[in-house]
Amino acid sequence: RKEAVRVVVTGAAGQISYSLLPLIANGAMFGPDQDVILHLLEVEFVLPALQGVVMELEDGSYPLLKDIVATSDANVAFKDADFAILVGAFPRKDGMERADLLSKNAGIFKVQGQALDKVAKKSVKVLVVGNPANTNCLLAQHFAPSIPKENFTALTRLDHNRAKGQVAKKLGVSVRDVHNVIIWGNHSSTQYPDTTVGHVVVNGEKKSIRDAVNDNKYLEGDFISTVQKRGAAIIAARKFSSAMSAANAIVDHIRDWVLGTPEGEYVSMAVPSDGSYDIPEGVIYSYPVTCKNGKYTIVQGLTVSEFSRGKMVATYEELADEKKAALEQLQ
Ligand code: NAX
């Protein structure tokens, strides 16, 4: 049997984790022959509730779940971690200033970055989910200089899956038939869901999404805003933010990163910008990627229209502003 992987989940008693932990324990993330050890991190006053989650995991009788560590100490949680899924973050409260939110989160991701640096495996793969996810990821990376920069990623797969879902619904096809939608930039309302590259396969025939939908006004208007505002629509309907779909997207992100993407298939991951598509280095930016052998590669050479360029730059500028504000909070 392969050695068990140690998977840290922060915010482990929260609502996303409640949907996520059973998926990790049942093999959806790493496959049916990979044992896992869950390291659950929570703030101290939530530890009693976390014990309830631990009991439920024990009662789940998951054959792949080898052990559980539950703690409020980051240096215990991140010890020897192979994967770190950072879900816990300080939530935005009514009337809270943006600077306040950035400052509260900067504190959290500084501590967790330092703990990763100190005690995690140097090969640890990090996925930040807690908002503002891209900038929180940048902070964790900043405070973990001994871990390769490219190991730090943030979640835009939920946005990617939402975009796919909207195209499928519009065309009355399965999401299985929709390929290579792209999310560029920030996991925020400035993200750019791009359908200029993707295609659909309908009745065995391959067509660009543009041709199949045949309504550019929709694809450059309502489609984009529906995806951008989907999170808010779910909060309005459910009174809680998306959790089931977020957990599912987290599994998709890590599974594809580790086990690879199907030939020719692009997925969206927020990763350190490297100058690709003229987005300057130094932010965590969502790009189309393919994955193989545990590594992601940014898809190169796609044609970018003027419309796309404007949106890609706007979401970059928001990330550059967030970075500046977050770094100021730390001084
Ligand atoms: P919950 O409020 O249900 O859970 C968060 C948990 O994190 C709480 O139990 C809290 O005690 C814990 N926590 C807070 N600070 C912590 C710390 N320093 N260390 C460890 N645990 C800590 O939120 P939930 O609905 O689970 O959402 C979690 C985060 O995901 C939020 O920031 C949310 O905005 C973000 N999301 C990001 C998405 C993405 O696509 N990137 C989509 C879903 C979600 O909105």
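Among the criteria (1) more than 12 Å from the ligand (Cβ to nearest atom); (2) in contact with a Gly (Cβ under 8 Å, 6 or more places away or on another chain); (3) not in a loop (DSSP other than H, G, I, E, B), the one Lys66 does not fulfil is (2). Applying a threshold of 9 Å to beta carbon distances and a minimum spacing of six or more residues, or different chains, the list of pairs starting in segment 103-120 at a residue that is more than 16 Å from Val9 (Cα to Cα) and free of Cβ contacts under 8 Å to residues at least 24 places away in the same chain and ending at one that is outside any helix (DSSP H, G or I) and of a type in the set (Gly, Ala, Ser) reads Lys104/Ala89. For segment 1-45, residues that are out of contact with any Asp or Glu (no Cβ under 6 Å at 6 or more places or on another chain), more than 9 Å from the ligand (Cβ to nearest atom) and either farther than 20 Å from Pro63 by Cβ or among the small types (Gly, Ala, Ser) (or both) total 6. Of the strands (runs of 3 or more DSSP E) lying entirely inside segment 176-288, those containing at least 1 residues that are in contact with a Pro (Cβ under 7 Å, 6 or more places away or on another chain) and of a type in the set (Ser, Thr, Tyr) are 267-272. Residue-level check: of (1) closer than 18 Å to Val251 by Cβ; (2) without any contact (Cβ under 8 Å) to a residue 60 or more places away in the chain, Gly52 misses just (1). Screening segment 117-133 for residues that are among the hydrophobic types (A, V, I, L, M, F, W, C) and within 13 Å of the ligand (Cβ to nearest atom) and picking the one that is nearest to Ser242 (Cα to Cα) gives Val129. For the structure I just gave you, tell me whether Ser123 is surrounded by fewer than 24 Cβ atoms within 10 Å (Cβ to Cβ) and within 18 Å of Glu318 (Cβ to Cβ). So Ser123 does not fit the description; no. Going through (1) part of a helix (DSSP H, G or I); (2) of a type in the set (Val, Ile, Thr); (3) touching a residue at least 40 places away in the same chain (Cβ under 8 Å) one by one, Val9 falls short only on (1).
Any residue that is within 25 Å of Thr153 (Cβ to Cβ) and surrounded by fewer than 16 Cβ atoms within 10 Å (Cβ to Cβ) - is there at least one of those in segment 250-261? Yes; the residues of segment 250-261 include at least one that is within 25 Å of Thr153 (Cβ to Cβ) and surrounded by fewer than 16 Cβ atoms within 10 Å (Cβ to Cβ). For Tyr287, the requirement of being under 20 Å from Val178 (Cβ atoms), over 21 Å from the mean Cα position of the chain (by Cα) and modelled with pLDDT of 95 or more is not met.
Residues in segment 134-164 that are under 16 Å from Ala247 (Cα atoms) and either among the hydrophobic types (A, V, I, L, M, F, W, C) or more than 12 Å from the chain's Cα centre (by Cα) (or both): 4 in all.
Selection of segment 169-201 for residues being more than 16 Å from the ligand (Cβ to nearest atom), out of contact with any Leu (no Cβ under 7 Å at 6 or more places or on another chain) and in contact (Cβ under 8 Å) with a residue 24 or more places away in the chain yields Lys170, Leu171, Val173, Asp177, Val178, His179, Asn180, Asp194, Thr196, Gly198, Val201.
Residues in segment 142-174 that are over 21 Å from Asn248 (Cα atoms) and among the small types (Gly, Ala, Ser): Ala144, Ser146, Gly172.
When segment 134-163 is filtered for residues that are within 14 Å of the ligand (Cβ to nearest atom) and more than 20 Å from Gly185 (Cα to Cα), only Phe143 remains.
Across segment 158-175, the qualifying residues are those that are touching a strand residue (DSSP E or B) at 6+ places or on another chain (Cβ under 8 Å) and either β-branched (Val, Ile, Thr) or not in a helix (DSSP H, G or I) (or both), and the one among them that is nearest to Pro288 (Cα to Cα) is Val167. Just the residues that are more than 15 Å from the ligand (Cβ to nearest atom) and out of contact with any Leu (no Cβ under 8 Å at 6 or more places or on another chain), please, taken from segment 80-106. Result: Asp80, Asp82, Gly95, Glu97, Ala99. Taking the criterion of being buried (at least 18 other Cβ atoms within 10 Å of the Cβ) and not in a helix (DSSP H, G or I), the residues of segment 72-97 that qualify are Phe78, Lys79, Ala81, Asp82, Phe83, Ala84, Ile85, Leu86, Val87, Gly88, Ala89, Phe90.
The values are calculated or read from the model by the stated rules, or taken from the named source; none is laboratory data. On a predicted model such as this, the values are computed, not experimentally measured, just so you know. As a convention, Cβ positions derive from the backbone with ideal geometry for all residues, glycine included, and neighbour counts pool all protein chains shown.
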